[in-house]
1. Expressed in nm to one decimal, what extension gain is obtained for the pair THR266 and ASP102 from 0.36 nm per residue of sequence separation less their Cα-Cα distance?
2. When the solvent-accessible surface of protein heavy atoms is calculated with a 1.4 angstrom probe, in what order do PHE121, PHE110 fall, highest first?
3. Mind giving me the nanometre distance, one decimal, between the label points for VAL247 and GLU68, set 7 Å out from Cα along Cα→Cβ?
4. Calculate the spin-label point distance for GLN128 paired with SER40, positioning each point 7 Å from the Cα along the beta-carbon direction, and give it in nanometres.
5. Sequence-distant or interchain residues sharing an amide H contact under 5 Å with SER81, placed H: which?
6. Please list 3J(HN,Hα) in residue order for region 248-254, calculated via the Karplus relation 6.51 cos²θ - 1.76 cosθ + 1.60 where θ = phi - 60°; whole Hz, with x for glycine and proline.
7. Can you run phi through the Karplus equation (6.51, -1.76, 1.60; θ = phi - 60°) for region 178-192 and list ³J(HN,Hα) in whole Hz, with x for Gly and Pro?
8. Taking H placed 1.01 Å from N in the peptide plane, check which residues at least 5 places from GLN151 or on another chain put their amide H under 5 Å from its amide H.
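The values are calculated or read from the model by the stated rules, or taken from the named source; none is laboratory data. The model shown is predicted, which means the values in this text are computed figures rather than measured ones. In this analysis, Cβ positions are derived from the backbone assuming ideal geometry, glycine residues included, and neighbour counts consider all displayed protein chains. Heavy atoms of the whole protein, side chains included, go into the accessibility calculation; ligands, DNA and RNA do not. Shrake-Rupley method; radii C 1.70, N 1.55, O 1.52, S 1.80 Å.
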Amino acid sequence: MHRFSYLRRYGGGLLLITLLLGAFFAVRAWRFVRGGGGSSPGVLPTPLLHPQEPEIATAFDFPLPPGEFGPYIPYETGPLSVDTRYGAQNPGLGSEGKCFVDLAGAQVPFDQLYHAGEDWFAYDASGQVMGDQGAGATVSAIAAGRVTWTQSLGREGNVLILEHLLLEGDRVWSVYWHVAEVQVSVGEAVTLGQPLGRVHDRGFNSHLHWEIRTFADGSTLFPSDSAGGRGTCNGYAMGVGYTWDDVLTRAYPEAWGYLPPSEFVTQRKTGGQ
């Protein structure tokens with residue numbers, strides 16, 4: 001009887017508090033994902049008339065200092081249901097469609113897509129994401145290579161693609177999104193650790209999206225019978241940063257030539273194969 005009276009008296013207030021807390025964290029997640037900052041990402045340098053010959057990539061390192069930067073892991077590096085690791089589905093992205101279309105002809109919701117890279121944010125001393133503190137950090141080349149593509153994405157910053165020749169003769173490409181103040185030109189050879197630019201100021205969503213993949217150009221990545229081909233995912237040299245398909249075996253990034261960035265770098269960090 002007393003419990004029923006308590007619930008009747010205070011239940012509405014508890015429900016309201018729960019709803020308000022839910023709305024608070026939902027708004028924070030939305031602000032975090034959408035970002036804010038309004039600074040200009042800068043003008044891209046003029047491409048070189050004669051491309052330079054790059055060194056062979058014998059060692060790799062991270063584009064930002066690990067420990068000071070890293071992915072948003074839900075409820076581990078932050079309080080939100082945001083996941084920016086490679087291969088993850090990110091509930092913080094919401095249900096708005098992107099460019100993938102399923103067999104029924106519907107756009108696939110953003111939060112169902114698989115992340116083809118990693119988004120690295122600034123961490124504080126306790127390893128918690130500080131979404132607005134990463135802007136301006138120096139982005140470095142993960143290995144020796146050559147710049148093959150730069151493109152402005154407007155308020156999203158710039159994207160760069162580097163080609164890397166491995167000792168065994170294979171090639172991989174590293175991709176850097178949301179970069180400001182780009183310091184390298186298309187055709188320029190770069191060395192391991194060379195500054196490429198800075199993390200673009202996007203407010204609470206200031207981060208570097210970076211990828212490693214086995215293809216140079218994502219313009220024709222998805223065949224016509226795939227979710228990406230049925231939609232509008234082709235036509236972009238830098239790709240779209242995500243994968244999805246009705247056929248589960250080709251839904252994940254690995255099926256399309258993307259590699260786990262941190263794992264790849266860690267395996268080759270000290271040189272040698």
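1. 55.5 nm
2. So, going from the largest accessible area down, we get PHE110, PHE121.
3. Output for this residue pair reads 4.5 nm.
4. Going from the SER40 label point to the GLN128 one covers 3.6 nm.
5. none
6. 4, 5, 10, 7, 8, x, 4
7. Here the 3J(HN,Hα) series is 6, 10, 10, 6, 4, 10, 10, 10, 4, x, 7, 7, 10, 10, 3 Hz.
8. Hits under the 5 Å cutoff: VAL159.
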